[in-house]
1. Which residue pairs have Cβ atoms under 9 Å apart, sit 6 or more places apart or on different chains, and have a first residue in the stretch 10-34 that is touching a residue at least 24 places away in the same chain (Cβ under 8 Å) and a second that is part of a strand (DSSP E or B) and among the hydroxyl-bearing types (Ser, Thr, Tyr)?
2. Enumerate the helices (runs of 4 or more DSSP H) found wholly within the stretch 58-174, keeping only those where 1 or more residues are at pLDDT 90 or above and at negative phi.
3. Filter the stretch 60-83 down to the residues that are in contact with a strand residue (DSSP E or B) (Cβ under 6 Å, 6 or more places away or on another chain) and closer than 23 Å to TRP148 by Cα, then identify the one that is surrounded by the most Cβ atoms within 10 Å (Cβ to Cβ).
4. Pick from ARG27, ARG44, ARG34: which is touching an Asp or Glu at 6+ places or on another chain (Cβ under 9 Å), of a type outside the set (S, T, N, Q) and more than 20 Å from PRO150 (Cα to Cα)?
5. Can you pull out the residues in the stretch 58-69 that are in contact (Cβ under 8 Å) with a residue 40 or more places away in the chain and either of a type in the set (S, T, N, Q) or in contact with a helix residue (DSSP H, G or I) (Cβ under 7 Å, 6 or more places away or on another chain) (or both)?
6. So if I check each of ASN21, ASN31, which one is modelled with pLDDT under 95 and in contact with a helix residue (DSSP H, G or I) (Cβ under 8 Å, 6 or more places away or on another chain)?
7. What are the pairs with Cβ atoms under 7 angstrom where one residue, in the stretch 96-122, is over 22 Å from VAL64 (Cα atoms) and the other, located anywhere, is among the polar types (S, T, N, Q) and modelled with pLDDT of 90 or more? Sequence gap at least six, or different chains.
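The values are calculated or read from the model by the stated rules, or taken from the named source; none is laboratory data. As the structure is a prediction and not an experimental result, all values here were calculated from the model. Cβ atoms come from the backbone with ideal geometry, glycine included; neighbour counts cover every protein chain shown.
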Amino acid sequence: MASPPSSPRQTAAVILLDNRNRVALLRRRGNPGRWELPGGKVTRQETPAQAACRCATRELGLRVETAELPLGQASFLQGDTRWQQLWLAVEYAPGTPAIAQPDQFDMLRWVPLDLLDVLFPVAPGLRLFTREVQAGGFADRLADAYRWSPAEDPASRCAQWDQLRALAEGRGQA
């Protein structure tokens, strides 16, 4: 008798958009490197939103908060394992995203939503997210999503203020 199919293992990924409608992606080290959304596996002790926030914080080096309800989800088979990835929209992310795990990732890029399909290679969850975006899935929910801006970073704001002050001093206006 065949064994019953097992439940899929869950992963949760964050959708962090910037004010130019680009999504933050990480490239995992390897040959070739594979592009993916920040996020990771959901443990038994946490919700998908908690897992997405935990993993994104670890990978991007900034605290993120997400919605509890996912924008969408997709299932895929990788090897002998069935996976279900949930996509959660970021609601708040103070600071500046950066590669916080250089041993795992070698690149962080902001990619326009309409150009996701030119990336190669990509993780299965990102490939399915790209298809959903191209098909117009959850476009209305993304339209109202939080947008990260460099102005959210206190260090960036201080640097901008210092640049303005230096310009003013150079013109004798300080």
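1. Every condition considered, the pairs that remain are ALA12/THR66; VAL14/THR66; ILE15/THR66.
2. On the way: elements: 124-134, 139-143, 154-170.
So the answer is 124-134.
3. Once the filter is applied, the top-ranked residue is THR66.
4. Details: ARG44 fails: touching an Asp or Glu at 6+ places or on another chain (Cβ under 9 Å); ARG34 fails: touching an Asp or Glu at 6+ places or on another chain (Cβ under 9 Å).
Answer to the selection: ARG27.
5. Filtering the stretch 58-69 down to residues in contact (Cβ under 8 Å) with a residue 40 or more places away in the chain leaves 58-60, 64, 66.
Residues satisfying the conditions are VAL64, THR66.
6. Numbers: ASN31 fails: in contact with a helix residue (DSSP H, G or I) (Cβ under 8 Å, 6 or more places away or on another chain).
Result: ASN21 is the single residue among ASN21, ASN31 that is modelled with pLDDT under 95 and in contact with a helix residue (DSSP H, G or I) (Cβ under 8 Å, 6 or more places away or on another chain).
7. Note: pairs meeting the criteria are LEU116/THR130; ASP117/THR130.
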